[in-house]
Every structure is written in C-alpha cells, then in structure tokens.
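Worksheet: the structure to be examined is printed underneath.
The values are calculated or read from the model by the stated rules, or taken from the named source; none is laboratory data. Everything numeric here is computed off the predicted structure, so don't read it as measured data. Reconstructed Cβ throughout: ideal geometry from the backbone, glycine too, with neighbour counts over all protein chains shown. Areas reflect the complete protein model, heavy atoms only, side chains present, ligands, DNA and RNA absent. Shrake-Rupley method; radii C 1.70, N 1.55, O 1.52, S 1.80 Å.
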Amino acid sequence: MSDAQISAGAAHNTQAQRNISVITRRGRRGKAGKPKRGSKNERRYGLGFAMPFLIGLVLFTIGPMIASLYYSFTDFNIMTAPKWVGMHNYQSVFADPRFYKSLENTAYLTFIGVPLGLAFALGVALILNLKEAPARGLARALSYIPAIIPSAVVAYLWRWMFNGKYGLINVVLTKLGIPAPNWLLDPAWTRPAVILISLWTVGGTTVIYLAALRDVPRELMEAAALDGCGVLRRFRYVTLPAIAPVTVFQLIAGLLGGLQNFTIPYLLGSGGFNMSTGGPDETWLTYAVYLYQNAFSYFKMGYASALAWILFIIALILTAVILRLSKGVDEDAAH
C-alpha cells in the first residue's frame, strides 16, 4: 500500500471520527434538551402527587399552630369570640401551682422512664441478636406485639394487673413473700407503675436497636476479640460507639414522646366522662393531661394554647441541647 493511500485512509478515518463526535454531541444536546421539557412536567406531576400531603400539612398542622399561637394571647372558651388579653395567659401559667405539678410529673416520667426504656430495649435487642438464642423469630415477634396494642387497651390491661386486691402482679408478689404495694392508690408507686407499663411497650425501640446491631462491623468485633477484649469491653468500645447515632435518635424520639405522655396516665386516673382526677396526690397529672383538662374539660382554650406553646419551646430547647451534646458522639461513630 502506497503512502498516498495510507494518508487518504487516515484522513478518511479522522473525518469519520469527527462526524461521529458531531453526531454524539448533537445526541447529547437532544438528550439534554428533552429533560428540560420533561422536567417541567415532572415538577407538575411531583407537585400534584405531593399536593394532598401539602394541603394536609397546611390545614392540620401549620394552620392549627398559627391559630393556637393567636389563641394563646386571647381569652377563648369556644362558646364566645376570642378576646385579646396579651400576655395574661402566660403570666397565669407561671403563677399556677398545678402547672409546676404537671411539669414535675412529666419530668419524672421522661428523665427516668426514657433512659430506662432505652437501656431495657437495648438489653432485649442484644439477647435477641444472639445466634444461640432459642426461637429467635418467635421471640422477636413476641417482643414487638405490645408495641402495636392500642394504648387504651394497654392502660386497662395494666389497670387490672396493678389492682391492689386481685391484680396479677400483687398475687405473684404475695406468693413469693414480697410485700405487694398498692400501685394505683399509693402516691409513692403510681408514677413507677407508669414507667413499668412503658417498659412493656418498647418493642418498636427494640426493633430499631436490632437493625443497628446487625450493622455493627464484624471486622471490628473480630479485631477486638483477637486483641483480647472480652464481651463487656467489645460492647463498651465497639458496639456502643457504632450504635451511638441510633441511640441519639431514640433518645430524642423518647424525649418528645415522654413530654407528650397522655393516654396511660389519663386512663389510669380517669374519674368519669371527659375527666381525669390526676391520680393520688395528682401524680398522674402530666403536662399533656393538664393541657387536655384546660382545653376540653374547663374550655379554657386560650390558657391551653399557652400551655401548648410553652411545651413546644421546652421540647425545642431540650432537643437542641441533645443534638449539641451528641455532635462529638456522631463524629466519633463516623470515624
């Protein structure tokens, strides 16, 4: 083959490559152009699918929040039009001894019950995560069942079990020779009774911990075992740091749930239709129960709205503190 033929072939190949690159660029432009038209349609479709949620968010969350903020500065009893009173409701709240009593009960159930619940759920998850545990599938199902039982059913079930005369718990304690407390009438035992009920319903927390334990890197556990770390040291230095972000999430969720603790204390202290006595010495008068009493028993909607916003601010502050303190924990877990 002559040099001229080789040069002509090379030129032909170069021209073909140029044509291919031009066609490719045009194709890319066409492909890039189509999503621009399609992106508008996609936005419309996406907005259309999200519209029911957005409407519900505005009507049932943002709207009521704005309305309650306005009502918190008014004297409103549902029957008459709201009357602007400024900061009077907030001043009355901080001068109300029942407000502090409800805050004390809520703090007791939250700051004692939530850490105990997390520790109990983690302990159950560790047991269920063992390969040697018998009937693991059945045990996991049984541990989760209490979490899906309606709260009203749970309250009345435990109200019977805690009965001082014929309750199952006191019958067992008596047979074991242990003094049986009067759970529902003795103020020293009414709040611990609520915490015990909450421990029985930690199935959801247990499931989340189970998922977190399965994500703990096996290579780290094996390396720690080779270095001579026992079970407790592996749990302290490997497992706990690995599940730290999940624990922070569980802590915040438990905190928010504890601040809104309502159903169990309300039904345990129920004294009639739409009323709750608050239990012996008002030990079941949680913040949410007191808010409910003011709103739907006394019809003091303005006062109840002020209580709701104070609780909202408390929840924001506590959540911010936990997130602030957990920054180092999350960074250590990431490394």
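Things to note:
- Label-point separation, F249 to A188 (7 Å along Cα→Cβ), nm: 4.2 nm
- Bridgeable lysines around K40 (alpha carbons under 19 Å apart, same-chain partners fewer than 8 residues away excluded): K31.
- Taking all protein chains as shown and a probe of 1.4 angstrom, R191 keeps an accessible surface of around 40 Å².
- Surface calculation, 1.4 Å probe, protein heavy atoms: M79 sits at approximately 150 Å² accessible.
- Close amide H contacts of D75 (hydrogens built in the peptide plane, cut-off under 5 Å, sequence separation of 5 or more or a different chain): K83, W84, V85.
- Across all directions, the average projected area of the convex hull around the alpha carbons of the stretch 89-334 is 16.2 nm².
- Solvent accessible area, Å² - T239, 1.4 Å probe, full protein context: 10 Å²
- Under the Karplus curve 6.51 cos²θ - 1.76 cosθ + 1.60, θ = phi - 60°, whole-Hz ³J(HN,Hα) for the stretch 320-325, x wherever Gly or Pro sits: 4, 5, 4, 5, 5, 5
- Distant-in-sequence amide contacts of T283, defined by a placed amide H-H separation under 5 Å and a gap of 5 or more residues or a different chain, comprise nothing.
- Sites A223 and R136 - FRET efficiency at Förster radius 30 Å, r taken between beta-carbons, to 0.05: 0.70
- Protection-proxy order for peptides 277-285, 250-258, 162-170, each taking the mean of Cβ atoms within 10 Å per residue, highest first: 277-285, 250-258, 162-170
- Stretching R214 away from R98 to a fully extended chain increases their span by 37.2 nm, per 0.36 nm per residue minus the current alpha-carbon distance.
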